[in-house]
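S.K.: Below you will find the structure I want to go over with you.
Since every read-out is calculated from the coordinates, none of them should be taken as a lab result. This is a predicted model, so every value here is computed, not measured. Here the Cβ positions follow ideal geometry from the backbone for every residue, glycine too, while neighbour counts run over all protein chains shown.
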């Protein structure tokens with residue numbers, strides 16, 4: 001099965017007191033222009049490729065999902081089918097058609113008609129209380145929202161603003 005092995009986004013992990021590159025259970029996160037590397041097969045989106053990277057794990061941290069914006073979710077589903085990946089779920093999220101794929105982490109593909117296909121950002125998951133992480137990151141000079149309920153029942157989330165790529169942090173999925 002194709003797996004997302006390396007994801008590069010303009011997020012300076014060391015500025016968040018995390019190792020750089022950051023190794024997660026399935027994918028290494030690298031600071032740099034948006035790009036990705038896959039095992040076996042790469043979906044045919046106009047996203048740059050990058051070298052497969054090695055990273056350092058951060059105990060208690062993992063990658064929850066990656067967000068890919070596309071002009072048409074149906075076309076994106078067809079593109080993923082070309083490499084034998086089918087969505088695990090399709091639904092509207094805040095009024096936008098969305099498809100979810102398991103590619104190591106979850107790949108959340110969101111329809112956004114004002115954009116061409118582009119890597120938008122990531123959501124990390126941490127075992128630490130979100131309030132503690134938010135406070136620590138604020139002390140590092142980051143603009144962080146207050147933790148709030150996530151769309152997934154039983155989970156909480158906060159977002160980081162003023163970054164070059166989307167970044168959110170979530171509580172663990174207790175249903176896993």
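S.K.: I'm trying to understand the selection: among the residues of the range 31-54, which are in contact with a strand residue (DSSP E or B) (Cβ under 7 Å, 6 or more places away or on another chain) and under 23 Å from residue 158 (Cβ atoms)?
M.R.: Listed by number, the list holds a single entry, 34.
S.K.: Just wondering, is there one or more residues in the range 146-155 that are in contact (Cβ under 8 Å) with a residue 60 or more places away in the chain and assigned to a loop (DSSP other than H, G, I, E, B)?
M.R.: Scanning the range 146-155, I find no residue that is in contact (Cβ under 8 Å) with a residue 60 or more places away in the chain and assigned to a loop (DSSP other than H, G, I, E, B), so the answer is no.
S.K.: Tell me, which residue of the range 40-68 that is touching a helix residue (DSSP H, G or I) at 6+ places or on another chain (Cβ under 9 Å) and more than 13 Å from residue 22 (Cα to Cα) is surrounded by the most Cβ atoms within 10 Å (Cβ to Cβ)?
M.R.: 68
S.K.: Only residues that are without any contact (Cβ under 8 Å) to a residue 40 or more places away in the chain and either farther than 22 Å from residue 68 by Cβ or assigned to a loop (DSSP other than H, G, I, E, B) (or both): list them for the range 156-168, please.
M.R.: Passing the criteria: 156, 162.
S.K.: For a quick check of your reading: which strands (runs of 3 or more DSSP E) sit entirely within the range 70-139 and have at least 1 residues that are surrounded by fewer than 12 Cβ atoms within 10 Å (Cβ to Cβ) and without any contact (Cβ under 8 Å) to a residue 24 or more places away in the chain?
M.R.: Because the criterion is at least 1 residues that are surrounded by fewer than 12 Cβ atoms within 10 Å (Cβ to Cβ) and without any contact (Cβ under 8 Å) to a residue 24 or more places away in the chain, the strands (runs of 3 or more DSSP E) in the range 70-139 that meet it are 89-93.
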